[in-house]
Amino acid sequence: MKIEMICSGFGGQGALTIGKFLSLAAMKEGKDVSWLPSYGPEMRGGTANVAVVISDKQIASPLVNHPDLLIALNKPSVDKFGPMIKSGGLMIANSDMCPDKLNRKDIEEIYAPMSSIATEIGSTKVLNMVSLGVIIGKTGLVKFETVEKDLREILGKKNPALLEANLKAINKGMEIGKK
């Protein structure tokens with residue numbers, strides 16, 4: 001098994017964090033991982049993306065030119081990376097910021113109102129966790145329990161309210177992914 005993905009959005013939307021939590025969980029589950037971020041000097045508000053490779057074998061290169069999976073948090077991400085997705089791949093997009101569908105017949109597309117869900121939960125900061133939940137629910141690439149443990153270790157004492165909002169967002173995303 002080898003999954004190559006790109007997580008992309010505006011700086012501040014948490015695209016790099018999606019890749020970070022997926023990589024951390026996969027590593028703890030005994031998989032080989034690579035995490036290669038890319039962002040411009042504008043970071044907040046500019047485009048940021050991360051290439052992630054998760055494999056049960058050694059990874060030869062961290063570069064991802066044709067992802068199996070694209071997580072697009074905004075329209076520029078769909079425009080830039082959507083055409084690169086491998087045939088048979090999957091795109092998970094934030095429908096609140098991606099009004100135009102890619103409409104490729106050779107991939108699966110999941111559009112979810114991630115920004116709206118994050119707002120309903122009470123924090124726009126959890127937008128990325130909604131998409132992480134969709135990934136877990138749809139692919140089972142990593143276990144929810146592994147991500148939950150990591151979140152509890154990182155946010156447990158530091159910001160319990162944000163921890164609960166993140167877990168709620170992941171669960172909402174998992175519901176979407178399982179449909």
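Cβ crowding within 10 Å ranks 129, 91, 27 as 27, 91, 129, fewest other Cβ atoms first. Quick one: Cα centre-to-centre distance for the range 128-175 and the range 11-85, in angstrom? Between the Cα centre of the range 128-175 and that of the range 11-85, the gap is 17 Å. Among the trypsin sites (Lys or Arg not before Pro) in the range 1-97, those placed in a DSSP loop whose Cβ has at most 16 other Cβ atoms within 10 Å are 44, 57, 86. Ranking of 141, 22 by neighbouring Cβ atoms within 10 Å, starting from the fewest: 141, 22.
Taking only the C-alpha atoms of the chain, Rg followed by Dmax gives 14.9, 46 Å.
Using unit Cβ charges (K, R positive; D, E negative) and no other charged atoms, how large, in debye to the nearest 20, is the dipole of the range 2-178 about its Cα centre?
With Lys and Arg at +1 and Asp and Glu at -1, about 200 debye.
Applied to the range 93-109, the Karplus parametrisation 6.51 cos²θ - 1.76 cosθ + 1.60 on θ = phi - 60° returns per-residue 3J(HN,Hα) values of 10, 7, 5, 5, 10, 10, x, 9, 6, 6, 6, 8, 7, 9, 9, 8, 10 Hz, with x for Gly and Pro. Taking a point 7 Å out from the Cα of residue 36 in the direction of its Cβ, the residues of the range 60-101 whose backbone N falls within less than 13 Å of it are 60-67. Database remark: amide H of residue 91 closer than 5 angstrom to the amide H of 70, 108, 109, 110 (H placed geometrically; neighbours at sequence offset of 5 or more, or on other chains; Pro and chain starts carry no H). Computed from phi, the 3J(HN,Hα) profile of the range 14-31 under the Karplus parametrisation 6.51, -1.76, 1.60 (θ = phi - 60°) reads x, 4, 5, 5, 4, x, 5, 5, 5, 5, 4, 5, 4, 4, 5, 8, x, 9 Hz, with x in place of Gly and Pro. Sorted ascending by nearby beta carbons within 10 Å, beginning with the fewest, 179, 172, 138, 149 become 179, 149, 138, 172.
No value in this document is a laboratory result; all are computed from the given coordinates. Bear in mind that the values here come from a model prediction, so they are computed numbers and not experimental data. Using ideal geometry, Cβ is built from the backbone for each residue, glycine included, and neighbour counts are taken over all protein chains shown.
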